[in-house]
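A short worksheet on the structure shown next.
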Amino acid sequence: MNVVKKNASRREFVQGITTGAMGLAAGGCLGGAKPAAAQSRPAAQACTDKITVLNPMGEAPAVRLKPQARRMDTLDGKTIYFMNYGYPGSDNLLYEAMDWFKSNHPKTTLEYRLKPGGMGAPEDPALWEEMNQKADAMIIGVGH
């Protein structure tokens, strides 16, 4: 019986479970042809070996669902922040969206902000505090 070591690499793990299963099949436990040694054993003893098979995919943690934000009754008099995370081309998309809002919702205040430092930089607490205080809604452009 093969034993896969505790901190086995992926290759060692696959080889261990494959050769272990082949050994059981050869011993007649999984329906394979029995070698002479296995044929001489009584049937009750033929399949006493057990293997533990692990799922290499693991188990995903449970997903906690959050409800969507409530929809605003109107955009008139509201302030919408457009936050650009710095992904190339996202500024063009956000400017187009702002142009649409200007023509379709002229009573809405629009604010454009570029995340300081771009995509890989840590969040700016002052910017988030400003948006929490002043924004009624946010549209964040993070890329594709």
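The values are calculated or read from the model by the stated rules, or taken from the named source; none is laboratory data. Note that the structure is a prediction, hence the values are computed from the model and not measured. Backbone-built Cβ (ideal geometry, glycine too); neighbour counts: all protein chains shown.
Data table
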{"read-out": "Failed item in (1) assigned to a helix (DSSP H, G or I); (2) modelled with pLDDT of 95 or more; (3) not polar (S, T, N, Q), with residue 81 passing the rest", "value": "(1)"}
{"read-out": "Search result, residues across segment 124-144 that are assigned to a helix (DSSP H, G or I) and of a type in the set (A, V, I, L, M, F, W, C)", "value": "126, 127, 128, 131"}
{"read-out": "Residues (in contact with a Lys or Arg (Cβ under 7 Å, 6 or more places away or on another chain) and of a type in the set (A, V, I, L, M, F, W, C)) located in segment 53-81", "value": "72"}
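Conditions tested, residue by residue: (1) free of Cβ contacts under 8 Å to residues at least 12 places away in the same chain; (2) not assigned by TED's automatic domain parsing to the domain that holds residue 133.
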{"site": "51", "(1), (2)": "no, yes"}
{"site": "64", "(1), (2)": "yes, yes"}
{"site": "67", "(1), (2)": "yes, yes"}
{"site": "70", "(1), (2)": "yes, yes"}
{"site": "74", "(1), (2)": "yes, yes"}
{"site": "84", "(1), (2)": "no, no"}
{"site": "92", "(1), (2)": "yes, no"}
